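Chemist: Below is a structure I'd like to ask you about.
The values are calculated or read from the model by the stated rules, or taken from the named source; none is laboratory data. These numbers were taken from a predicted model, which means no experiment stands behind them. In this analysis, Cβ positions are derived from the backbone assuming ideal geometry, glycine residues included, and neighbour counts consider all displayed protein chains.
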Amino acid sequence: MALSLQSALILFTHGLIMNRKKKIIDKFNKKVRKAKARMNPGTKGNKPKYISKAERAKLDAAAAQEQLDSGSEQSVEASAQDQAS
């Protein structure tokens, strides 16, 4: 059962057209996926924002200073209560 040249050409071109359509659709779907990812940045595991090592050190120093300040305020209040008694 041999195919004629014309029917072979039709099958061949139809395959190329389908392949080209598939490539176009795949490119479009890829763009859509990227656009959705940009619109919903939290969907990648809700990863927290990166804080540099220097910034973490500053935050730790500020927290330590705040604890010292609150500790001194508590000692001042305690001494004031002792004096009032």
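Chemist: If you go through segment 37-55 one residue at a time, do you hit one that is modelled with pLDDT of 90 or more, of a type in the set (D, E, K, R) and surrounded by 10 or more Cβ atoms within 10 Å (Cβ to Cβ)?
Modeler: yes
Chemist: Sticking with this structure for a sec: Can you name the residue in segment 56-85 that is assigned to a helix (DSSP H, G or I) and hydroxyl-bearing (Ser, Thr, Tyr) and, of all such residues, is modelled with the highest pLDDT?
Modeler: Here the residue is Ser70.
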